[in-house]
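The values are calculated or read from the model by the stated rules, or taken from the named source; none is laboratory data. If you're wondering where the values come from, they're calculated on a predicted model, not measured in any experiment. Cβ sites come from the backbone with ideal geometry, for glycine too, and all protein chains shown count toward neighbours. All accessible areas refer to the heavy atoms of the entire protein, side chains included, with ligands and DNA or RNA removed. Shrake-Rupley method; radii C 1.70, N 1.55, O 1.52, S 1.80 Å.
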Amino acid sequence: MSWLWFHKLGSPKWFFFWSKSWALPVFCIGCFGLVVGLVWGLAFAPEDYQQGNSFRIIYIHVPVAMLAQSCYLAMGVAGLIFLVWQMKIAPMFIKAIAPIGAVMALMAMVSGAIWGKPTWGTWWVWDARLTSVLVLFLLFMGVIALQNALEDITLANKAAAIMSVVGLINLPIIKYSVVLWNTLHQGPTFTITKKPEMPAEMWLPLLIAVVGLYCLVAGLLLWRIQSEIILREHRSNWVKQEVMGNGL
Amino acid sequence: MHPQRQKRLLAVIAIVLVLGAALALVMYALKQNINLFFSPSQIAMGEAPSKTNIRAGGLVVEGSVQRDPNSLAVSFQVTDFQHSVTIEYQGILPDLFREGQGVVALGQLNEQGTFDASQVLAKHDEKYMPPEVSEALKPVEKPAPVATPTYY
């Protein structure tokens, strides 16, 4: 297997021009998918037999919660790549993705609270699932803080990468918190081994919303990495040419 | 792989594994504190402390809910199908509270072994379905409720 693509990814210049053509289409597909999924889920999907219409917040809660964890996984992998292969692009990726992930984790907690009030009877409870997602949010904030607080850029890169990798331990805790301990949060509806615990007319719009949000975040991420590349590589000739030529 | 990269990779993996193991041990030691509630079996075995605030959780026993007609007082039993515990509560129950549903109550165990709750939260399971499907799944001999409860 050729590792050429992997090493190419490490070149900011190559990544910049590759991502330039991908960001907009991916973002547009994402917006479209998210709108279709949300409108379908919030307006047309059937209501739940027990929770009625308050169940519909699942179409917001599940996509943002999945994205929060996926963003952290991607950030942790980027941290590992930086620590081992020292790719230039990896810290830019971490810096670009951390605020997106933080927003997703916060939205997961807020939408969960709005869902929890009518169904459970409380906005928040210190059970293992809710607490581990709060830890996820704080880890994102920690990575953002480390990268911004340290003046020395090499030190900042390294510190943020180490924190990203170490925080990966939290992901299995979030995933299995509802299985390992007694929690107020219910168990997983979707598992690999079993059929989903909801009919297709309920999970299909959810799937579309999830895929849409993944694409939307990917588009945002590519744009954020591009501006980070321009910022960090502003001394190189190709960036000067690019900025002069396109009047960015 | 370049030997230096291999060394760094092993170092990072070692750090994560050691930290992961340490955290796993801490969580194993704190298992009882991480659990949100005591099950009726744990209460029956005397694992739950009395006269201090704890949470008890389980499924509401069918036909056990007794409401006081003159006040908001309500008493019901929760079970984990091995043991059950009686919970007494005064206040408004959450919308999802019903017989057969999971609940988590915050309160204290008194001398009689009943649980005086100051807060009752409803727990719902991971299954979702439209009302028509749930109607169709109900056993036929049971008379259907007059109206499907809806929460708009």
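Okay, here's what the table says:
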{"quantity": "Scan of segment B:48-80 for residues that are assigned to a loop (DSSP other than H, G, I, E, B) and within 12 Å of chain A (Cβ to nearest Cβ), ordered by number", "calculated": "B:ASP80"}
{"quantity": "In segment A:110-143, residue least open to solvent (accessible area, probe 1.4 Å) [restricted to those that are in a loop (DSSP other than H, G, I, E, B) and more than 10 Å from chain B (Cβ to nearest Cβ)]", "calculated": "A:TRP124"}
{"quantity": "Unmet criterion (only one of (1) of a type in the set (Val, Ile, Thr); (2) open to solvent by 30 Å² or more (accessible area, probe 1.4 Å); (3) in a helix (DSSP H, G or I)) for A:VAL165", "calculated": "(2)"}
{"quantity": "Selection from segment A:164-182 of residues that are touching a Phe, Trp or Tyr at 6+ places or on another chain (Cβ under 9 Å) and modelled with pLDDT under 90", "calculated": "A:ASN182"}
{"quantity": "Any hit, segment A:199-206, residues being closer than 24 Å to A:ILE100 by Cβ, within 23 Å of the chain's Cα centre (by Cα) and open to solvent by 70 Å² or more (accessible area, probe 1.4 Å)", "calculated": "no"}
{"quantity": "Residue selected from segment A:57-80 under the condition within 25 Å of B:ALA11 (Cα to Cα) and surrounded by 22 or more Cβ atoms within 10 Å (Cβ to Cβ), by the criterion farthest from the other protein chains (Cβ to nearest Cβ)", "calculated": "A:CYS71"}
{"quantity": "Residue check, B:ASP68 at negative phi and in contact with a Pro (Cβ under 9 Å, 6 or more places away or on another chain)", "calculated": "no"}
{"quantity": "Any hit, segment B:75-84, residues being under 14 Å from B:ILE43 (Cα atoms), exposed (fewer than 15 other Cβ atoms within 10 Å of the Cβ), modelled with pLDDT under 85 and assigned by the TED database to the domain that holds B:SER41", "calculated": "no"}
{"quantity": "Single match in A:ILE169, A:ILE192, A:ILE144, A:ILE174 (criterion: in contact with a helix residue (DSSP H, G or I) (Cβ under 6 Å, 6 or more places away or on another chain) and free of Cβ contacts under 8 Å to residues at least 12 places away in the same chain)", "calculated": "A:ILE169"}
{"quantity": "Single match in B:GLN4, B:GLN32 (criterion: at pLDDT below 85 and part of a helix (DSSP H, G or I))", "calculated": "B:GLN32"}
{"quantity": "Residue, farthest from the chain's Cα centre (by Cα), within segment A:13-24, restricted to residues that are touching a residue at least 24 places away in the same chain (Cβ under 8 Å) and open to solvent by 50 Å² or more (accessible area, probe 1.4 Å)", "calculated": "A:LYS13"}
{"quantity": "Segment B:25-47, residues that are within 15 Å of the chain's Cα centre (by Cα), open to solvent by less than 60 Å² (accessible area, probe 1.4 Å) and within 10 Å of chain A (Cβ to nearest Cβ)", "calculated": "B:ILE34, B:ASN35, B:LEU36, B:PHE37, B:PHE38, B:SER39, B:GLN42"}
{"quantity": "Members of segment A:234-248 found to be at pLDDT 85 or above, assigned to a loop (DSSP other than H, G, I, E, B), of a type outside the set (S, T, N, Q) and open to solvent by less than 100 Å² (accessible area, probe 1.4 Å), listed by number", "calculated": "A:HIS234"}
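Residues are listed down the side, and each one gets a yes or a no for (1) assigned to a helix (DSSP H, G or I); (2) more than 30 Å from A:PHE55 (Cα to Cα):
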{"position": "A:ALA159", "(1), (2)": "yes, yes"}
{"position": "A:HIS185", "(1), (2)": "no, no"}
{"position": "A:PHE190", "(1), (2)": "no, no"}
{"position": "A:PRO196", "(1), (2)": "no, no"}
{"position": "A:GLY219", "(1), (2)": "yes, no"}
